[in-house]
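Comments concern the structure below.
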Amino acid sequence: MPAPTLAALGGAGNVVGVADLVGAGSSGDAGRVDGAGSVGGEALCSVSPARDAGSSFTYAERSATHTPGITDSAPRHDWAIAVEFAQRLEVALGRSGSTLFPYADAESIWNEHRESTRGRDLDITGLSYAILEAAPQQWPCPDSGDTRAAQAVLASAAANSSVVGGGESPVTSLGQARLYADGIFPTADGRARFANVSYKPVAEAREARYPFSLNTGRLRDQWHGMSRTGTLGRLFGHVREPTLQMHPQDMARRLLQEGDLVHVTSKRGSILVPVQASKEQGMSQVFLAMHWGEEFLSGRSSSGERLAGVNALTTSAYCPDSKQPEFKHAAVKVLKAELPWTLLAMAWLPDGQALQARVQLQALMAEFPFASCVPFASTPVPGAQGAGAERQGVLFRAAASEAAPAELLERIEAILQLQGAEVLRYADAKCGQRRAMRLQRVDSDTRLDGFLLAGDTSAQAWISSLLQEEQAAQAYGRALLLPVAKPPLAVVSKGKVVCTCFNVRDIAIEDNLKSTTGSLPERLAKLQGALQCGTNCGSCVPELQRMVRSSAPPMTTHPIIPISTAQTA
């Protein structure tokens with residue numbers, strides 16, 4: 001079936017509001033519309049995790065897999081929401097007749113994808129859910145006698161209630177082991193094309209006005225535009241907020257301190273971002289993760305326009321053969337920003353309300369020259385399910401040349417639920433200072449559940465540790481309102497998360513390595529055996545290897561054997 005077009009659905013002349021299509025429908029899905037509520041607005045719906053919906057993958061290294069999900073799910077699967085949305089859109093646009101989206105399950109959608117590959121070098125018409133559940137396959141795997149025979153074997157096994165996929169699979173590899181083994185390639189004459197590439201310098205070289213090379217790339221725990229990973233607070237435990245990484249010597253030459261706001265400017269645009277020292281960067285090089293778009297990093301330019309995140313800096317140059325953009329290099333300059341008034345607000349929010357609060361705060365980011373907004377989460381409780389598994393929160397940071405209006409700060413406090421009798425307050429409008437602390441009684445302890453620091457944020461390090469690590473706060477009392485960098489009582493941090501899968505922190509790793517002996521591989525293996533870090537997804541293994549290399553193994557002591565005078569003689 002060809003892909004439906006807007007014209008097929010009734011023409012571009014009929015503008016349908018998203019609010020008319022998403023909401024509390026008959027299916028009971030919770031939906032909310034953000035923005036103008038028309039075409040181009042955003043609708044947020046609750047979607048089941050991928051593990052519940054099942055997943056089918058066709059990889060570039062020529063393997064195809066399928067993992068079955070569960071039939072019933074609340075909230076619903078993403079494909080079911082998309083299908084119902086498309087069917088509502090058909091009705092709204094006045095289209096009559098049979099629907100263009102007659103999908104009853106995910107398999108029917110995959111079958112249409114399968115048919116679209118027929119006759120191409122990615123031909124998977126010989127595969128099915130049943131075959132992929134029995135064993136992963138290589139593509140291409142066109143429809144053939146072998147694949148039809150495999151389907152018959154699986155149908156017979158299912159009819160006889162045999163367990164497919166348990167023990168020895170009744171299906172072996174059906175796909176083509178080597179691509180283009182016949183020497184015929186997908187070109188007009190069937191012959192391969194080689195790109196005779198000669199070296200070309202970067203499209204935009206450094207110069208006196210733009211002396212830094214800006215490199216962009218992904219973060220360890222994030223993926224692409226963070227459309228999925230960016231909503232999970234736990235995945236921000238490794239890199240909490242947007243920062244520009246710079247070599248410490250470059251920072252020293254420019255009199256920059258850790259956390260200072262800097263203007264990063266290319267020939268196309270400029271953004272504001274905190275700077276972070278990193279010896280992993282070379283001299284005259286800076287790094288900013290590609291994920292930090294305007295929903296996480298933004299603000300207002302001097303001309304009143306909303307800042308667009310990292311993409312405001314990158315070049316539009318790309319390779320004419322591979323079509324890959326040259327995002328790995330852009331010439332930029334880095335200058336310290338003078339924005340003395342700062343704001344930091346963090347709060348734990350009830351289950352299901354963190355995402356809504358983030359969207360509301362993102363709408364306020366353009367009220368400040370600099371603003372960032374990210375989620376965070378608590379340590380998962382082992383064995384807990386649902387709302388009790390982990391808490392979700394939101395962090396909002398901003399800076400300006402002068403104090404923000406009280407009305408704007410009140411809106412931020414309302415979004416983060418920093419209101420009520422349990423909130424301690426301090427305000428000095430003349431000096432632009434404002435602080436709010438929401439305290440919550442938990443058993444015999446008093447916990448800090450949310451706070452706002454505006455004006456002087458020097459206390460942010462220890463106060464944010466109290467909140468994020470859920471430490472007891474009753475001993476601090478009104479001292480929470482003091483603008484002091486050093487807490488009146490010591491706050492012992494639990495450390496930075498290194499392994500997100502098992503929530504292993506750097507302090508625990510360093511303590512373990514102090515008593516771990518052996519070669520570098522042996523020490524790493526012992527560390528993983530003791531703490532499990534790096535034994536699941538493996539993304540933290542490079543950092544673990546660096547920590548093992550940088551830590552000195554414990555000294556081996558040998559007993560001192562005294563030498564007698566007689567032996568000496």
Next on the checklist: List the residue pairs whose Cβ atoms are under 7 Å apart, where the first residue sits in the range 517-543 and is at positive phi and small (Gly, Ala, Ser), the second is open to solvent by 60 Å² or more (accessible area, probe 1.4 Å) and assigned to a helix (DSSP H, G or I), and the two are 6 or more positions apart or on different chains.
Outcome noted: Gly518/Lys526
Checklist outcome for this item: Residue pairs qualifying under the 8 Å Cβ cut-off, at least six apart or on distinct chains, with the first in the range 400-420 being hydrophobic (A, V, I, L, M, F, W, C) and the second being part of a helix (DSSP H, G or I) and open to solvent by 50 Å² or more (accessible area, probe 1.4 Å), are Ala404/Glu367; Leu408/Glu367; Ile415/Gln360
Next on the checklist: Just checking, does the range 77-92 include any residue being at pLDDT below 85 and out of contact with any Gly (no Cβ under 8 Å at 6 or more places or on another chain)?
Outcome noted: yes
Checklist outcome for this item: Residue hits (the range 481-500; open to solvent by less than 50 Å² (accessible area, probe 1.4 Å), of a type outside the set (S, T, N, Q) and either without any contact (Cβ under 8 Å) to a residue 12 or more places away in the chain or closer than 20 Å to Ser378 by Cβ (or both)) are Val491, Gly495, Val497, Val498, Cys499
Item to check | Members of the range 378-418 found to be among the polar types (S, T, N, Q) and at pLDDT 90 or above, listed by number | outcome: Gln392, Ser401, Gln417
Checklist entry - Would you pick out the residues in the range 516-569 that are surrounded by 10 or more Cβ atoms within 10 Å (Cβ to Cβ), more than 33 Å from the chain's Cα centre (by Cα) and modelled with pLDDT under 90? => result Pro553, Pro554
Checklist entry - Do we find that Thr457 is part of a strand (DSSP E or B) and in the same structural domain as Ala357 (by the TED database) in this structure? => result no
Checklist outcome for this item: Only unsatisfied item for Asp511, checking (1) under 32 Å from the mean Cα position of the chain (by Cα); (2) surrounded by fewer than 20 Cβ atoms within 10 Å (Cβ to Cβ); (3) under 27 Å from Gln417 (Cα atoms), is (3)
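Residue-by-condition table, conditions (1) open to solvent by less than 10 Å² (accessible area, probe 1.4 Å); (2) over 19 Å from Ala454 (Cβ atoms); (3) modelled with pLDDT under 95:
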position: Glu295; (1), (2), (3): no, yes, yes
position: Arg300; (1), (2), (3): no, no, yes
position: Val310; (1), (2), (3): yes, yes, yes
position: Leu355; (1), (2), (3): no, yes, yes
Checklist entry - Can you pull out the residues in the range 224-264 that are hydroxyl-bearing (Ser, Thr, Tyr), surrounded by fewer than 20 Cβ atoms within 10 Å (Cβ to Cβ) and touching a residue at least 12 places away in the same chain (Cβ under 8 Å)? => result Thr231
Item to check | Search result, residues across the range 324-369 that are of a type in the set (D, E, K, R) and in a helix (DSSP H, G or I) | outcome: Arg358, Glu367
Checklist entry - Only one of (1) small (Gly, Ala, Ser); (2) in contact with a strand residue (DSSP E or B) (Cβ under 6 Å, 6 or more places away or on another chain); (3) at pLDDT below 90; (4) open to solvent by 20 Å² or more (accessible area, probe 1.4 Å) fails for Ala427. Which number is that? => result (3)
Checklist entry - Given (1) assigned by the TED database to the domain that holds Gln285; (2) under 22 Å from Lys333 (Cβ atoms), where does Val202 come up short, assuming only one miss? => result (1)
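The values are calculated or read from the model by the stated rules, or taken from the named source; none is laboratory data. Computed from a predicted model, the values in this text were never measured in an experiment. When we count neighbours, we look across all protein chains shown, and the Cβ atoms used for this are built from the backbone with ideal geometry, even at glycine. Heads up: the accessible areas ignore ligands, DNA and RNA and are worked out on the full protein's heavy atoms, side chains in. Shrake-Rupley method; radii C 1.70, N 1.55, O 1.52, S 1.80 Å.
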